[in-house]
1. All but one of (1) under 20 Å from D4 (Cβ atoms); (2) at pLDDT below 90 hold for R66; which doesn't?
2. Could you give every pair whose Cβ atoms fall below 6 Å, whose first residue belongs to segment 46-57 and is closer than 9 Å to D4 by Cα and in a helix (DSSP H, G or I), and whose second residue is modelled with pLDDT of 90 or more and among the small types (G, A, S), counting only separations of at least 6 or pairs across chains?
3. Name the residue that is farthest from N45 (Cα to Cα), counting only residues in segment 10-34 that are crowded, with 17+ Cβ neighbours inside 10 Å and of a type outside the set (G, A, S).
4. Just give me the residues in segment 1-35 being out of contact with any Lys or Arg (no Cβ under 9 Å at 6 or more places or on another chain), part of a helix (DSSP H, G or I) and either touching a residue at least 12 places away in the same chain (Cβ under 8 Å) or on the phi > 0 side of the Ramachandran plot (or both), in sequence order.
5. Does segment 58-69 hold any residues that are part of a helix (DSSP H, G or I) and surrounded by 14 or more Cβ atoms within 10 Å (Cβ to Cβ), and which are they?
6. I'm trying to understand the selection: among the residues of segment 16-45, which are of a type in the set (D, E, K, R), under 23 Å from R5 (Cβ atoms) and more than 18 Å from the chain's Cα centre (by Cα)?
Amino acid sequence: MNKDRAEGKMKDIAGRAERQVGEWTGDSEAQVKGAAKQAEGQVQNAWGQAKDAVSKSNDRAKASERGDEVLDADDEESTPRRRAS
């Protein structure tokens with residue numbers, strides 16, 4: 001997980017909370033600000049996911065060029081291994 005995904009998720013949660021408080025109190029300005037912060041967080045999180053996907057794809061391509069086998073890049077225990085020839 002990269003910085004954008006973590007920060008995006010935090011903004012999403014904070015915006016969701018602010019929007020909900022605005023709904024409970026009838027404060028339309030807080031609702032709008034919260035919804036905007038929530039949307040900003042969702043976009044930032046999506047950007048981070050896209051960056052992770054590109055990085056993962058590049059890692060797999062480099063491993064393939066070297067002849068390494070990548071089992072699962074999300075699993076911390078799996079590491080690139082040389083294919084038996």
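The values are calculated or read from the model by the stated rules, or taken from the named source; none is laboratory data. Since this is a predicted model, take the numbers as computed values, not measurements. FYI the Cβ positions are ideal-geometry reconstructions off the backbone, even for glycines, and counts take in every protein chain you see.
1. Going through the list (1) under 20 Å from D4 (Cβ atoms); (2) at pLDDT below 90, R66 breaks only (1).
2. Listed by first residue and then by second, the contacts come to G48/G8.
3. Keep residues of segment 10-34 that are crowded, with 17+ Cβ neighbours inside 10 Å, which gives 11-12, 15, 18-19, 22, 30-31, 34.
Within this subset, residues satisfying the condition of being of a type outside the set (G, A, S) are 11-12, 18-19, 31.
On the way: K11: 9, D12: 8, E18: 18, R19: 19, Q31: 21 Å.
So, considering only residues that are crowded, with 17+ Cβ neighbours inside 10 Å and of a type outside the set (G, A, S), the one farthest from N45 (Cα to Cα) is Q31.
4. K3, A6, E7, G8, K9, M10, I13, A17, Q20, V21
5. Our first condition is that a residue be part of a helix (DSSP H, G or I); within segment 58-69, this holds for 58-66.
Hits for segment 58-69 are D59, R60, A63.
6. Pass one, segment 16-45, residues of a type in the set (D, E, K, R): 16, 18-19, 23, 27, 29, 33, 37, 40.
Narrowing the set further to residues that are under 23 Å from R5 (Cβ atoms) leaves 16, 18-19, 33, 37, 40.
Result: E18, R19, K33.
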